[in-house]
Amino acid sequence: MRKIARWSYFLISSVVSIYCIKPVTAEQTATLTIAVNNIRHQKGDICFRIYAGEKGFPMSNKSEVQSGCTKITGTSVIKKFPGLKHGTYAVAIVDDQNGDRKLNTDFFGIPKEGFGISKNPTVSVQTGTPKFRDASFLVNKNTSINIVMKYSLDP
């Protein structure tokens, strides 16, 4: 009788343990492919910043989740960013001609280097710097976007 009680206890505790175990699933990640078009210069780098939130977008790295630069090889470049969690992101790019990895502006804040923002929003004196909500997009699985390089503010 004791052996049956032990086996019953063992069986019940095993079933309860199995029931309580939460399945471990690997967090799915995605690759973001960014194509940049309309590049004027044939030297320097195109530098990318991927943001997961509005804090710091598009000028500082406060909510930046990935960044990187790639050499200019023609009038367009493509760069892939693997390992992003599924979610909402925005991208800012700079045609970095002087190697300082940031957008240089004049006294009035007008860009002196080429720049681009995901979803290609209007950037003018009237509209000001684009907001995260105007440039953000959803990344899930493999996502591709196109950014047109600008070398002046929009009229």
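Bear in mind that the values in this text are calculations on the coordinates, not laboratory data. As the structure is a computational prediction, the values presented were derived from the model and not from experiment. Don't worry about glycine lacking a Cβ; one is built from the backbone with ideal geometry, like all the others, and counts go over all protein chains shown.
Data for the structure
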item: Average Cα contact separation per residue, the range 29-148, under 8 Å, 6 or more apart, as relative contact order %; result: 36
item: Qualifying chymotrypsin sites (Phe, Trp or Tyr not before Pro) in the range 124-155, DSSP loop, other Cβ atoms within 10 Å at most 16; result: 151
item: From the C-alpha gyration tensor of the range 19-148, square roots of 5λ in Å; result: 29, 17, 13
